[in-house]
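Data block below; observations after.
The values are calculated or read from the model by the stated rules, or taken from the named source; none is laboratory data. Values in this document were obtained by computation on a predicted structure and should not be read as measured data. Methodologically, a virtual Cβ is constructed for each residue, glycine included, from the backbone with ideal geometry; neighbour enumeration extends over all protein chains shown.
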Amino acid sequence: MTKIAENVARIRAKMDEAARACGRDPAEISLCAATKMNDAESVKEAVAAGVDCCGENRVQELLQKQPQGAYEGVPVHFIGHLQTNKVRQVVGRVDLIQSVDRPELLQCIEKTAEKLGLVQNILLEVNIGAEESKSGFTPGQTMEIAAHMCEYPHCRLMGLMAIPPISVEPGGNSKYFAQMRQLLVDIRAKKYDNVHMVCLSMGMSDDYCDAIAEGSTMIRVGTAIFGARHYDAK
Ligand SMILES: *Cc1c(COP(=O)(O)O)cnc(C)c1O
């Protein structure tokens, strides 16, 4: 077994344990490999090891690795900050844009998808820790946009995504995860048109078990699959 395959197997076991510990079916929770800064070969190993989907942060990396067949066999998602001038390169190329974090981006995706004659699946990114350094909607704005999703017929809102603050203690993000879960439930209860609150994307290498305990349906894991990223290498 490769190191990556070993890592994926270990994460799967921990996901199963975390799910069972809170009475959830492990099959409800998918594993998204956060592939930034890892090459196509490593990504292929993760896919072969059974991750459910891949999440890419940068348009340039997506455009590079996709023709190399990096994601072949699984859906690919966009999970990074997306500039409006790069939307054209992403819409229709990915199964889900998880990181819709501002109104201009939503409008731009809508226009682009309309031109291409397709419907783009999206998540709204919530700045659940109200951090100035992070983009994303407040819970109130998220509710407001969900209420108006019928105005975006070329987007399909599938759920919510969050990156909570960096936690200093174990379990430190549980309250944010719980708030996200509540927001998802509240929006779902409204039964808004064009809103399908099925995906709650939260939990990363350090806190995915806590996220699962609070209702995550998709964890996004990079470091625990691929090892530490070397930011100075580029
Ligand atoms: C990098 C990244 C992850 C994964 O982070 P790790 O701590 O390496 O698991 C998850 N989500 C997003 C949006 C990311 O950019």
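So here's what we get for this one:
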{"item": "Any hit, segment 49-58, residues being surrounded by fewer than 19 Cβ atoms within 10 Å (Cβ to Cβ) and closer than 25 Å to M1 by Cβ", "result": "yes"}
{"item": "The lone exception for M143 - which of (1) among the aliphatic types (A, V, I, L, M); (2) within 16 Å of the ligand (Cβ to nearest atom); (3) surrounded by fewer than 20 Cβ atoms within 10 Å (Cβ to Cβ) it fails", "result": "(2)"}
{"item": "Unmet requirement for A113, which otherwise passes all of (1) surrounded by 21 or more Cβ atoms within 10 Å (Cβ to Cβ); (2) within 16 Å of the ligand (Cβ to nearest atom)", "result": "(2)"}
{"item": "L184, sole failed condition from (1) within 11 Å of the ligand (Cβ to nearest atom); (2) under 17 Å from the mean Cα position of the chain (by Cα); (3) not aromatic (F, W, Y)", "result": "(1)"}
{"item": "Set T217, T223: member being more than 14 Å from the ligand (Cβ to nearest atom), under 20 Å from A13 (Cβ atoms) and either at pLDDT 95 or above or touching a Gly at 6+ places or on another chain (Cβ under 8 Å) (or both)", "result": "T217"}
{"item": "Selection status of R156, part of a strand (DSSP E or B), away from the ligand (no atom under 12 Å from the Cβ) and either aliphatic (A, V, I, L, M) or surrounded by fewer than 23 Cβ atoms within 10 Å (Cβ to Cβ) (or both)", "result": "yes"}
{"item": "I145 being in contact (Cβ under 8 Å) with a residue 24 or more places away in the chain and part of a helix (DSSP H, G or I)", "result": "yes"}
{"item": "Residue satisfying all of: in segment 86-104; among the basic types (K, R) and within 20 Å of A34 (Cα to Cα); farthest from the ligand (Cβ to nearest atom) among these", "result": "R93"}
{"item": "Candidate set from segment 72-85 (those that are of a type outside the set (A, V, I, L, M) and within 16 Å of the ligand (Cβ to nearest atom)); member that is surrounded by the fewest Cβ atoms within 10 Å (Cβ to Cβ)", "result": "Q83"}
{"item": "Any chance Q60 is over 16 Å from M204 (Cβ atoms) and either in contact with a Lys or Arg (Cβ under 6 Å, 6 or more places away or on another chain) or touching a residue at least 12 places away in the same chain (Cβ under 8 Å) (or both)", "result": "no"}
{"item": "Residue identified as without any contact (Cβ under 8 Å) to a residue 12 or more places away in the chain and among the hydrophobic types (A, V, I, L, M, F, W, C) among A33, A9, A13", "result": "A13"}
{"item": "Lone unmet requirement of (1) under 17 Å from the mean Cα position of the chain (by Cα); (2) assigned to a helix (DSSP H, G or I) for E125", "result": "(2)"}
{"item": "Set M197, M149: member being at pLDDT 95 or above, in contact with a Lys or Arg (Cβ under 6 Å, 6 or more places away or on another chain) and away from the ligand (no atom under 13 Å from the Cβ)", "result": "M197"}
{"item": "Selection from segment 108-126 of residues that are free of Cβ contacts under 8 Å to residues at least 24 places away in the same chain and of a type outside the set (K, R)", "result": "G117"}
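Here is a yes/no grid of residues against (1) among the β-branched types (V, I, T); (2) within 30 Å of E214 (Cα to Cα):
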position	(1), (2)
I4	yes, yes
I11	yes, yes
A18	no, yes
R24	no, yes
E28	no, yes
E45	no, yes
G50	no, yes
G55	no, yes
E72	no, no
